[in-house]
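**Q** Quick one: the structure is below, and I'll ask about it shortly.
The values are calculated or read from the model by the stated rules, or taken from the named source; none is laboratory data. Since this is a predicted model, take the numbers as computed values, not measurements. Here the Cβ positions follow ideal geometry from the backbone for every residue, glycine too, while neighbour counts run over all protein chains shown.
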Amino acid sequence: MIDINASKYVPLETYEKENARTDIRCGDILLTIVGALGRVAVVDFELKALFQRSVCVIKPVRECITPKYLGYVLESSTVQNYIQINAHGAAQKGIYLDQVSKIEIPVPPLPVQEEIVRILGSFTVLTAELTAKLTSELTARKKQYEYYRNRLLFFDTNIRFERLGATCIMKSGKAIASLQISAECTADTPYKCYGGNGIRGYVADASHHGEFPIIGRQGALCGNVNYATGDFYATEHAVVVKSKGDYLQRFLYYLLTSMNLNQYKSQGAQPGLAVGNLENLVAPVPALDVQKRLVNVLDNFEAICSDLNIGLPAEIEARKKQYEFYREQLLTFAEGGRTVLTDRQTDRQTDRQTDRQTDKLSALIRLCQYVFGYVLLFCDNVTL
């Protein structure tokens, strides 16, 4: 997809001079060759634009290859692996145009290409629709979780209320140079580093050990609350919170999250939260056994809503992988000359008949799969 909303503009004279070299037209392919390597976009509308040298313009020869088919091929794992293997540089990788020109791609007959594009286009639309619906459902689940969390953590005046400074110890972490923070978790940098907006990266040494709520205190998102476990590092923009005994640490995390701490930020170019102001906030202090029961409920609800290994996020990821699988299979068949064409009208009639027969049960089936998982059925139990 080409996003022109973040574009910058140049004088007409500059455009005419630079465009003489690339002359971008509808049907051209854009391929990033510096930085974020291998991103592909098909120009599907008349576009008057210039691109930086990090973008390669590919002009398909229409007599032998269609633009959309070429776009799918360039997104395939075979081509993407080739790009990564042949990339040069360390801080900012790139691939030379000469290496791009040597990429080998399957070129089946044009009718085959058009059928592959039709199938993958339909699959792309269906995947996007399903992803949008699942994302909407996940958002609704999160809102539902927040609603019930806030209701569970609402206490009447019969519960004791105390200043956070009286029940908790709040301390900011230690400053650390940006060069010491790695974007990836490695053997040399195994510890999470928490800053003003959550995890900044990974570092070589830890500053804390245990389980603590951490409040981000600097930036537009200050007041966000994370829960750190084990060994980790907290920067000066993160406030580590420890109960003096009145709270369970996990309950304290949920309580601080429900308090919407961002509303107490200072105004200015760089919003922030002062530890002293946080200590003066008043919060309920229920009995520890009540806290424990609430934690059990909220932990289960949070796992359903947030864990990427279960529920809707996993379903979204599975659909993306399914699309990638079929794309690779279709392009592999095209390379080996084994693609089978079908009559489009027959396909569509069959699809409509199948849809009518399965629509009534599909919702129930998806629900059962979500709750119970998939059922393994051995062949010797099947009667043909």
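**Q** Between 39, 62, which is touching a residue at least 24 places away in the same chain (Cβ under 8 Å) and either within 24 Å of residue 124 (Cα to Cα) or aliphatic (A, V, I, L, M) (or both)? Show your work before the answer.
**A** Working: 39 fails: touching a residue at least 24 places away in the same chain (Cβ under 8 Å).
When all the criteria are applied, what remains is 62.
**Q** Which is on the phi > 0 side of the Ramachandran plot and touching a residue at least 24 places away in the same chain (Cβ under 8 Å), of 223, 195, 230, 165? Please lay out each step first, then the result.
**A** Working: 195 fails: on the phi > 0 side of the Ramachandran plot; 230 fails: touching a residue at least 24 places away in the same chain (Cβ under 8 Å); 165 fails: on the phi > 0 side of the Ramachandran plot.
One residue alone meets the criteria, 223.
**Q** Across segment 15-57, what is the total count of residues that are farther than 22 Å from residue 93 by Cβ, of a type outside the set (Asp, Glu) and in a loop (DSSP other than H, G, I, E, B)?
**A** Going through segment 15-57, the residues farther than 22 Å from residue 93 by Cβ turn out to be 15-28, 42-50.
Retained after the next criterion (residues that are of a type outside the set (Asp, Glu)): 15, 17, 19-22, 24-27, 42-43, 45, 47-50.
The next check asks that each one be in a loop (DSSP other than H, G, I, E, B); those that pass are 24-27, 43, 45, 47-50.
Selection size over segment 15-57: 10.
**Q** Continuing with this model, one more query. Please tell me if residue 202 is touching a Cys at 6+ places or on another chain (Cβ under 9 Å) and either aromatic (Phe, Trp, Tyr) or assigned to a strand (DSSP E or B) (or both).
**A** Working: touching a Cys at 6+ places or on another chain (Cβ under 9 Å): yes; either aromatic (Phe, Trp, Tyr) or assigned to a strand (DSSP E or B) (or both): yes.
Here the answer is yes, as residue 202 does meet what is asked.
**Q** What is the one condition in (1) surrounded by fewer than 17 Cβ atoms within 10 Å (Cβ to Cβ); (2) part of a strand (DSSP E or B); (3) not charged (D, E, K, R) that residue 175 does not satisfy?
**A** (2)
**Q** I've got another one for you. Pick from 252, 261: which is at pLDDT 95 or above, closer than 21 Å to residue 167 by Cβ and either among the polar types (S, T, N, Q) or buried (at least 21 other Cβ atoms within 10 Å of the Cβ) (or both)? Outline the logic, then answer.
**A** Details: 261 fails: at pLDDT 95 or above.
Answer to the selection: 252.
**Q** Let me ask something additional. Residue under question is residue 231, and the condition is that it be out of contact with any helix residue (DSSP H, G or I) (no Cβ under 8 Å at 6 or more places or on another chain), farther than 23 Å from residue 151 by Cα and surrounded by fewer than 17 Cβ atoms within 10 Å (Cβ to Cβ); does it hold? Walk me through it before giving the result.
**A** Values: out of contact with any helix residue (DSSP H, G or I) (no Cβ under 8 Å at 6 or more places or on another chain): yes; farther than 23 Å from residue 151 by Cα: yes; surrounded by fewer than 17 Cβ atoms within 10 Å (Cβ to Cβ): yes.
Yes.
**Q** What tally of residues in segment 125-172 results from selecting those that are part of a helix (DSSP H, G or I), more than 22 Å from residue 296 (Cβ to Cβ) and of a type in the set (A, V, I, L, M)?
**A** Kept after step one, since they are part of a helix (DSSP H, G or I), are these residues of segment 125-172: 125-152, 164-167.
The next check asks that each one be more than 22 Å from residue 296 (Cβ to Cβ); those that pass are 125-140, 164-166.
If we keep only those that are of a type in the set (A, V, I, L, M) as well, we get 125-126, 128, 130, 132, 134, 138, 140, 164, 166.
Residues flagged as part of a helix (DSSP H, G or I), more than 22 Å from residue 296 (Cβ to Cβ) and of a type in the set (A, V, I, L, M) within segment 125-172 amount to 10.
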